[in-house]
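Notes for the one structure printed next.
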Amino acid sequence: MHLTRKQTILIVTLSGVAALLLVGLLLLLHYGKSDPIPAEPSLPAATETPAPTELPTPTPEPTATPSPTPYYLPLVPEGAANPPTPLPPAPTATPAPEAKPKSVPSPRDGIYNDEIREFMAIGTQNGEAVAVLLVRVKPPDAIVVAIPCETQAKVYTLKKGAVVSQADDAPISCATVRTENKREGCWNLVWAVKNLTGYCAQAYLCVDFACMDAFFSFAPSLPADGGDVDLAAFSDMLKETGEARAASMAQLGVGAVRFLSKVSLWDLPSFRSATRGAFTSSLSVLELLSLMRDLKKVDSFTVSVLPTEWKDGVRVLSDAAVLPF
């Protein structure tokens, strides 16, 4: 059967629309609604010393109640009875004000925030954070700040329901494993970075590096300032420590964004298959799409690493470390 040019264009167009709807449905099923980061939990209350038990107060003996004095109504002479005083009229009840109808929340409320332009990118290996990046997007520029994962900060240990059971100084990398699940682990890392820098991320995007074999089979290499990054180069990055690894992970993240900005619609199903289950985020799919749209508009990425130093055998943030936002 020979198709005309118009029929061919129509079929291609319909196929593209169907593929777009399919990808959108898969993303919506995968990410669902937004999952905002809750407020930082309070520390467990210190155990108080119980107050001394007071001796019981003796009950006083009951006092005999005197008999009441009898009281008689005064006699009223016949024919001199006063007419009954009329009761005052009952006050008119004030009608209660009509209850105002409750405002119906917008369908976007709690689902979509198109103002999110800052987030924390997290890379984990065996559950532990090996990459922590703070990202601020303001097209045509973006700022990426890497924090060495060995940096000491106040890190919580969380029980079920994100309840703090302990707080001590530890590398921020372990914040993601001191919890019941991955989602609360990301919250814990956001709070650890806040305790370290004073900055609290609005949202997070976490990548489990267990997917990198499959990812590099889909994308053999990623662009980076020092040349393309392949699977072997990525494995070498994980062997680095401190500021060197933080800088490498920042460049890897920038390379991944530049690569994803060039991925066509037809490649998305393959990309999602290669990274299935590797991504978790507090952003809804609409927020992610809005963020990716702005990232594609970025021409220049400014990358930096917060400086650290060794004190008493541990890595701490340098006094000269200042966030650029």
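The values are calculated or read from the model by the stated rules, or taken from the named source; none is laboratory data. It should be emphasised that the depicted structure is a prediction, and the values quoted were computed from it without experimental measurement. All Cβ positions, glycine included, derive from the backbone under ideal geometry; neighbour counts span all protein chains shown.
Within region 147-200, the set of residues being modelled with pLDDT of 95 or more, of a type in the set (A, V, I, L, M) and under 15 Å from the mean Cα position of the chain (by Cα) comprises 175, 189, 190, 192, 193. Filtered by the rule that a residue be under 19 Å from residue 308 (Cβ atoms) and touching a residue at least 12 places away in the same chain (Cβ under 8 Å), region 214-252 gives 237, 238, 241, 242, 243, 245, 246, 247, 249, 250, 251. Counting the residues of region 267-325 that are in contact with a helix residue (DSSP H, G or I) (Cβ under 7 Å, 6 or more places away or on another chain) and farther than 22 Å from residue 249 by Cα gives 5.
The set of residues from region 290-320 being on the phi < 0 side of the Ramachandran plot and free of Cβ contacts under 8 Å to residues at least 24 places away in the same chain comprises 293, 309, 310, 311, 318, 319, 320. Might you check whether a residue that is buried (at least 18 other Cβ atoms within 10 Å of the Cβ), in the same structural domain as residue 188 (by TED's automatic domain parsing), within 24 Å of the chain's Cα centre (by Cα) and of a type outside the set (Phe, Trp, Tyr) occurs anywhere in region 305-314? Scanning region 305-314 turns up at least one residue that is buried (at least 18 other Cβ atoms within 10 Å of the Cβ), in the same structural domain as residue 188 (by TED's automatic domain parsing), within 24 Å of the chain's Cα centre (by Cα) and of a type outside the set (Phe, Trp, Tyr). Within the set 210, 203, the sole residue that is more than 22 Å from residue 152 (Cβ to Cβ), among the small types (Gly, Ala, Ser) and within 12 Å of the chain's Cα centre (by Cα) turns out to be 203. Look at (1) within 25 Å of the chain's Cα centre (by Cα); (2) surrounded by 17 or more Cβ atoms within 10 Å (Cβ to Cβ) and you find that residue 296 fails only one, number (2). Here residue 280 passes the criteria (1) modelled with pLDDT of 90 or more; (2) within 19 Å of residue 221 (Cα to Cα); (3) outside any helix (DSSP H, G or I) except the one numbered (2).
Please report, ordered by residue number, the helices (runs of 4 or more DSSP H) entirely within region 161-250 with at least 3 residues that are crowded, with 18+ Cβ neighbours inside 10 Å.
On the way: elements: 182-197, 212-218, 231-239.
In region 161-250, 182-197, 212-218 are the helices (runs of 4 or more DSSP H) which contain 3 or more residues that are crowded, with 18+ Cβ neighbours inside 10 Å.
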